[in-house]
1. Inside the range 247-363, counting only helices (runs of 4 or more DSSP H) that do not spill past its ends, which hold 3 or more residues that are open to solvent by 10 Å² or more (accessible area, probe 1.4 Å), within 30 Å of SER178 (Cβ to Cβ) and of a type in the set (S, T, N, Q)?
2. Pairs needed: first member in the range 302-327, more than 23 Å from LEU251 (Cα to Cα); second member anywhere, at pLDDT 85 or above and open to solvent by 60 Å² or more (accessible area, probe 1.4 Å); C-beta distance under 6 Å; at least 6 residues apart or different chains.
3. Name the single residue that is nearest to the chain's Cα centre (by Cα) among those in the range 141-174 being under 20 Å from LEU269 (Cα atoms) and of a type in the set (Phe, Trp, Tyr).
4. I'm trying to understand the selection: among the residues of the range 30-42, which are open to solvent by 30 Å² or more (accessible area, probe 1.4 Å) and either touching a residue at least 12 places away in the same chain (Cβ under 8 Å) or touching a Lys or Arg at 6+ places or on another chain (Cβ under 8 Å) (or both)?
5. Checking SER292 against (1) at positive phi; (2) modelled with pLDDT of 95 or more, which test does it fail?
6. Scan (1) among the small types (Gly, Ala, Ser); (2) touching a helix residue (DSSP H, G or I) at 6+ places or on another chain (Cβ under 7 Å); (3) not in a helix (DSSP H, G or I) for the single condition SER384 breaks and write down its number.
7. Scanning for something modelled with pLDDT of 95 or more and either under 20 Å from SER52 (Cα atoms) or in contact with a helix residue (DSSP H, G or I) (Cβ under 6 Å, 6 or more places away or on another chain) (or both), does the range 134-142 turn up at least one residue?
8. Being of a type in the set (A, V, I, L, M, F, W, C), more than 19 Å from MET166 (Cα to Cα) and surrounded by fewer than 15 Cβ atoms within 10 Å (Cβ to Cβ) is the filter here, so list the residues in the range 90-109 that pass it.
Amino acid sequence: MTYVLLHASKRNWLLVALGNLVVVAFLGLLLRWQFVAPLAGINYKFFLHGHSHVALLGWLYSALFVALLHAWMPPEVQQKRVYAWQFWLSQGAVAGMLVSFPLQGYALFSITFSTLHILLSYWFIFQFLRDAKALKISRGQQQVSFRFIRAALFFMALSSLGPWAMGPIMATGHNGDSLYYNAIYFYLHFQYNGWFMFAVLGLLFWLLEKYKLDFNRSLAIAFFWWMFWACLPAYLLSVLWTKPPALLYLLGGAAAFAQVIGLVVLLRLLLPLRTAVPGSGNSWTRRLWLLSGLAFVLKILMQFATAFPYVANLAYQQRNFVIGYLHLVLLGFISLFVLAFFVQQGWLSFKSWQSRWGMGLFVAALISSEALLFLQGIFFWAGSGLIPHYFGLLFLISVALPLGIVLFYLAQFSGRKSIRLPLTPELQHSQV
């Protein structure tokens, strides 16, 4: 009973994170409305900062915080008050950013709340790794997946160097120049190509280890090293717009090519196991994982394409490509995987029609908006100008994003007074 109650409380944390995704979706809709009929008093850039911070820190950070505790920490460790303090203080910081960024952009209060969140993330990294060391997780059944998690936490800490650099950069008069933007790109790169991507990959391999699937561990380790060493110089792909020396183009291109090799290794490892994970037979879970996998493949291929100077310049010039790429990674790859993971674990459900319709609307709107964003970018590249009624079409499509996620979110509360644990005996008696 204690085990069920513990997981029920952590599920409530997940619902808080999912609620942040609802907020993110409505903020995104507001931002797209500003191109249709701008509202007075709305500073687009300020609201964009709020949208992005709540997306990265309110939704993805919070959901992965819960996922990591669920997957690698036994109940007695999850019950530590330190993790509750870390979670709820981080939610307070997110709430502060949600209010302060739209009101003032980067200023005293927004910087204070974002700095607080960085410090809380350091605290989580320290506590999680200390507990993992005491449990000797790196030498247990989950040693392959935990390798990815240690890398994810390393990249999370590394990404914070970007925000720390912003103060000196702005104080020395570089606000708005290449140094300023490259610090932002440093943070974003090691967030979504480092922390988020490696956390998702860690959860993927945790599932394989959890259900004792016979996967090729040599290929898994090879995949890890290809992706890890590629992630560091792949940051250079984000700065090619500054037209750096040829050596940096070569290093960025080598990193992109290494990720393509890693992708081939991963596909070779996973294809024989595609239907082996318990719960993956659920059609909705399977669809979300397939879409997440497709988004991951497209992400790797797009990064490889930007290693070529012409494409790198094109991506910089066409903002539609940048927005489309970020949404592909953060919503298509990472968010869909995380949602499917929690459905597979029994923490979220597709039992009601509202949840199925909601997710269907969300996914359909995501795919449609991505297609329209990239199509508009191609139109600009070809010199054809705006697609007729482009901004209105994009807004109408985007209405389904918050509508869908709200339906899915509300459906999680109906008839679920306690968490439903997966039915496999192995999971029922597991310590995690």
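The values are calculated or read from the model by the stated rules, or taken from the named source; none is laboratory data. All values derive from a computational prediction rather than experimental measurement. A quick note on method: Cβ atoms are made from the backbone with ideal geometry, for glycine too, and the neighbour counts reach across all protein chains shown. Accessible surface is based on the protein model in full, side chains and every heavy atom, while ligands, DNA and RNA are left aside. Shrake-Rupley method; radii C 1.70, N 1.55, O 1.52, S 1.80 Å.
1. Counting at least 3 such residues, we get no helices (runs of 4 or more DSSP H) at all.
2. Matching pairs, first to second residue: GLN318/PHE380.
3. That would be PHE148.
4. Hits for the range 30-42 are LEU30, ARG32, TRP33, PHE35, VAL36, ILE42.
5. (1)
6. All conditions pass for SER384, except number (2).
7. No: zero hits.
8. The answer is VAL99, LEU103.
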